[in-house]
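Worksheet: one structure, shown below.
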Amino acid sequence: MSATSEPGAQPVPALFFARVERRYRQAEGNLEILRGADLAIWPGELVALVAPSGAGKSTLLHLAGLLERPDGGEVYVGGQPTAAMADGERTRLRREEMGFVYQFHHLLPEFSALENVVLPQLIRGLSRKEASERAGELLSFLGLKDRLPHRPAELSGGEQQRVAIARAVANGPRLLLADEPTGNLDPHTADHVFGILTALVRASGLAALIATHNLDLAARMDRRVTIRDGLIEQLG
Ligand code: ADP
Ligand code: MG
């Protein structure tokens, strides 16, 4: 479908915001979050979204993840305009092209680490054998080879978050969106999980947009952007 890897094809951003507007209606007038924001994220790029609480990081990630629609402008995913797409088509694009990691792991408590990574692949139509193999490889890459049968409650916070990362990339998305993925971890564990996340993104050629408060972690990404006065600005 999207033409990011066809030989000789023009490169296409994994994610492209063109003059995106988003506002929330409030009793005392509109709350303007984005007022014409532009952003391009290319395949293989790891981009930090660094901004204070309330600046609109989660809103931006919801727009990128097609969970909200812009009030103006266009959001392109793999070169496809999405603003006017039907809900079903947006859902399909989200499932096939994107992975999400949140601050809290949202793993299924009754299922093992392995099963949590197998399930999205079964939903996608893989055989149990194929899905289990891939889940085992991913979890091993993330340093969880010895934790496959454990349920989330039997794992540490850092381990839970690594399973959540494996689940997010289980179906081979082109775009990883993460909303403060290490925000709930102590600094040492956050650093460790982040290092593994970075290695995984680099090994897989994914594009990633990661909201974080942590400037040390942000410094290790390819690029940093922020939200200022409703626009997305490069931080260098
Ligand atoms: P961040 O993730 O950077 O902390 P958010 O994107 O969650 O910021 O929120 C940006 C601003 O928009 C905040 O002031 C928040 O209260 C407001 N906001 C977020 N979602 C809604 C909503 N559904 N309705 C009204 N206001 C919202
Ligand atoms: Mg947020």
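The values are calculated or read from the model by the stated rules, or taken from the named source; none is laboratory data. Given the structure is predicted, the values throughout are model-derived calculations rather than measurements. Neighbour counts are summed over all protein chains in view; Cβ atoms, including those assigned to glycine, are modelled from backbone coordinates with ideal geometry. Note: accessible area is taken over every heavy atom of the protein model, side chains too, but ligands, DNA and RNA are not part of it. Shrake-Rupley method; radii C 1.70, N 1.55, O 1.52, S 1.80 Å.
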* Does Ala37 qualify as being surrounded by 15 or more Cβ atoms within 10 Å (Cβ to Cβ) and over 15 Å from the mean Cα position of the chain (by Cα)? -> yes
* Could you list, in sequence order, the residues of the stretch 17-30 that are modelled with pLDDT of 95 or more and out of contact with any helix residue (DSSP H, G or I) (no Cβ under 9 Å at 6 or more places or on another chain)? -> Ala18, Arg19, Glu21, Arg23
* If you check Arg124, Arg134, Arg95, Arg69, which single one turns out to be open to solvent by 60 Å² or more (accessible area, probe 1.4 Å), free of Cβ contacts under 8 Å to residues at least 40 places away in the same chain and closer than 23 Å to Leu200 by Cα? -> Arg134
* Hits in the stretch 147-196 - residues which are in a strand (DSSP E or B) and away from ligand 1 (no atom under 16 Å from the Cβ) -> Leu175, Leu176
* Residue check for Gln161: among the polar types (S, T, N, Q) and surrounded by 18 or more Cβ atoms within 10 Å (Cβ to Cβ) -> yes
* **Flag for Leu231 being within 16 Å of ligand 1 (Cβ to nearest atom), open to solvent by less than 20 Å² (accessible area, probe 1.4 Å) and either among the charged types (D, E, K, R) or under 30 Å from Arg23 (Cα atoms) (or both)** => no
* Asked: For Gly54, are the conditions met, namely being within 16 Å of ligand 2 (Cβ to nearest atom) and open to solvent by less than 20 Å² (accessible area, probe 1.4 Å)?
  -> no
* Asked: Cβ-Cβ below 9 Å, separation at least six or inter-chain, first residue in the stretch 13-27 and within 18 Å of Glu45 (Cα to Cα), second open to solvent by less than 50 Å² (accessible area, probe 1.4 Å) and of a type in the set (Ser, Thr, Tyr): which pairs?
  -> Pro13/Thr4; Ala14/Ser2; Ala14/Thr4
* Asked: Considering Leu119, Leu108, Leu66, Leu60, which residue is within 16 Å of ligand 2 (Cβ to nearest atom) and not small (Gly, Ala, Ser)?
  -> Leu60
* **Those residues of the stretch 65-81 which are closer than 16 Å to Gly230 by Cβ and either of a type in the set (A, V, I, L, M) or within 15 Å of ligand 1 (Cβ to nearest atom) (or both), in sequence order** => Glu68, Pro70, Asp71, Val75
* To do: Those residues that are assigned to a strand (DSSP E or B) and farther than 26 Å from Ser140 by Cβ, I need them from the stretch 210-236; list them, please.
  => Ala211, Arg223, Arg224, Val225, Thr226, Ile227, Arg228, Leu231, Ile232, Glu233, Gln234
